[in-house]
Amino acid sequence: MDRDFQAVFGPSWSVRTSEAVLAAVYQYEVRPGITLQPNIQFIKHPGGGTTDPLSAVRGIALKDAAVLGLRTVVKF
């Protein structure tokens, strides 16, 4: 389907391929009832190579991304 759009809109329309996500999560119990869970994700080739919809220049691919998070659970 992307190749059909590329034929109509030109070579600036990207042809999507693959996306890869690597995630690491660890849960640490600070003390009974309180846990911390850091989360790290790395996204390679987001959207399979789709273009950035917010870019002023057409055809610019999205960049790889790193996402950091922290989940806290308190039970009482």
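The values are calculated or read from the model by the stated rules, or taken from the named source; none is laboratory data. Since the structure is predicted, the reported quantities are computational estimates derived from the model, not experimental observations. Because the Cβ atoms are built from the backbone with ideal geometry, glycine has one as well, and the counts that use them run over all protein chains shown. Heads up: the accessible areas ignore ligands, DNA and RNA and are worked out on the full protein's heavy atoms, side chains in. Shrake-Rupley method; radii C 1.70, N 1.55, O 1.52, S 1.80 Å.
Tabulated data for the structure shown
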| item | result |
| --- | --- |
| Segment 27-36, residues that are in a strand (DSSP E or B) and either surrounded by fewer than 14 Cβ atoms within 10 Å (Cβ to Cβ) or basic (K, R) (or both) | Y28, E29, V30, R31, I34, L36 |
| D2 vs. criteria open to solvent by less than 60 Å² (accessible area, probe 1.4 Å) and among the charged types (D, E, K, R) | yes |
| Tabulated pairs, segment 32-46, first over 19 Å from A61 (Cβ atoms), second open to solvent by 60 Å² or more (accessible area, probe 1.4 Å) and among the acidic types (D, E), C-beta under 7 angstrom, 6+ apart or interchain | T35/E29 |
| Residue list for segment 49-76, filter: surrounded by fewer than 10 Cβ atoms within 10 Å (Cβ to Cβ) and either at pLDDT below 80 or not in a strand (DSSP E or B) (or both) | P53, L54, A56, V57, K63, K75, F76 |
| Residue within segment 28-40 that is acidic (D, E) and modelled with pLDDT under 90 present | no |
